[in-house]
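The values are calculated or read from the model by the stated rules, or taken from the named source; none is laboratory data. Source: prediction; values computed, not measured. All Cβ positions, even for glycine, are placed from backbone atoms using ideal geometry, and neighbour counts span all protein chains on display. These area figures cover heavy atoms from the full protein model, side chains too; ligands, DNA and RNA do not enter into them. Shrake-Rupley method; radii C 1.70, N 1.55, O 1.52, S 1.80 Å.
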Amino acid sequence: MAEPTVLFAFAEGIARITLNRPERLNCFNDGMHAELREGLAALRQNAALRVVVLTGAGRAFCAGQDLQDRAVAADTAVPDLGASIERHYAPLILALRQMPVPVIAAVNGVAAGAGANLALACDIVIAAQSASFIQAFCKIGLIPDSGGTLFLPQRLGLARAMGLALLGEKLTAPDAQTWGLIWKCVADEALTAEVERLARHFAQAPTLALARTKEAMYAASEGLLAEQLQLEARMQRELGRSDDYREGVAAFMAKRAPNFQGR
Ligand code: T3D
């Protein structure tokens with residue numbers, strides 16, 4: 001039997017979720033989306049839930065969408081990226097934000113594309129020192145999605161948000177902490193213990209008050225997030241039909257530099 005693409009464990013109020021496609025840096029295919037969506041929905045119904053920890057198996061946190069599933073022959077239509085966002089990414093981001101307990105992203109390695117913004121959708125982001133955040137979208141002719149167009153300017157201001165989004169350069173975990181993008185960066189060997197300490201703290205904390213704190217903190221931007229996710233879906237639908245997107249994906253899969261034509 002094929003191994004699950006998402007691992008779930010639950011004990012003493014702590015749900016541990018591990019994205020589990022390490023050979024592909026835990027990038028998302030439709031099956032992984034479905035497993036995660038169903039698992040999160042089940043957790044929401046679990047009255048004993050006090051905290052969720054989300055991490056990645058192997059050396060990465062998550063490399064966003066599986067681009068192998070987007071690499072199509074020249075005479076074949078690319079899948080509708082807007083539909084993919086509406087069906088998969090937007091509901092996932094909202095599900096994490098609306099989870100009635102703290103959600104910790106334990107960023108164990110690179111977080112790229114939707115993987116970076118998945119981490120930023122969590123309430124507390126702790127990253128290993130060697131981890132990094134990459135808004136890789138522009139390298140394949142897309143815009144940041146999964147809430148990135150809100151999370152980045154909200155936390156960083158426009159100058160840094162724009163630089164990250166337009167250049168797609170790697171932001172190291174120490175810089176992400178210094179810039180205020182994440183809660184904390186810790187030594188690689190300290191990540192597991194620090195996340196465990198925090199999870200156990202939340203498992204003993206006044207969960208109802210923490211749930212209301214989340215609600216109150218996000219209240220001002222919740223409508224904005226929903227609107228921004230819709231905007232991202234619309235733009236990604238358009239960009240998914242562009243020559244540059246097709247070229248960006250083909251270049252990534254062939255491990256060569258892209259030759260963008262600007263259309
Ligand atoms: O399509 C829709 O539904 C719309 C929504 C889109 C949301 C998105 O997330 S779009 C953005 C997609 N993600 C990316 O563009 C990131 C692509 N990956 C990378 O840029 C690099 O892999 C990393 C910077 C993350 C890590 O680089 P590195 O050098 O540490 O590792 P690597 O050698 O590139 O990757 C290791 C393997 O994982 C490699 O396969 P191989 O050569 O061992 O067979 C690589 O192809 C594979 N891999 C990494 N990321 C993806 C991937 N395969 C498919 N899709 C990926 N996203």
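The mean accessible area for residues of region 164-263, using a 1.4 Å probe and ignoring ligands and nucleic acids, is 62 Å² per residue. Tell me, what is the 1.4 Å probe accessible area of His88, in Å² to the nearest 10? Near enough 10 Å² of accessible area. Comparing Ala161, Ala128, Ala220 in a Gaussian network model of the chain where C-alpha atoms under 10 Å apart are linked, the largest mean-square fluctuation is found at Ala220. Using the alpha carbons alone, the radius of gyration of region 125-262 stands to its Kirkwood radius in an Rg to Rh ratio of 1.04. Of the GluC sites (Glu not before Pro) found in region 155-263, those in coil by DSSP whose Cβ has at most 15 other Cβ atoms within 10 Å are Glu169.
Over the chain, what percent of the accessible surface lies on carbon and sulfur atoms, probe 1.4 Å? Looking at the chain in its full context, I get 57 percent from C and S. The mean of 1/r over all distinct Cα pairs in the chain, once inverted, gives the Kirkwood hydrodynamic radius of 18.6 Å. In the elastic network of the chain, a GNM with C-alpha springs shorter than 10 Å, the most mobile of Phe202, Phe252, Phe151 is Phe252. Protein heavy-atom accessible surface, 1.4 Å probe, per residue over region 82-132: 21 Å².
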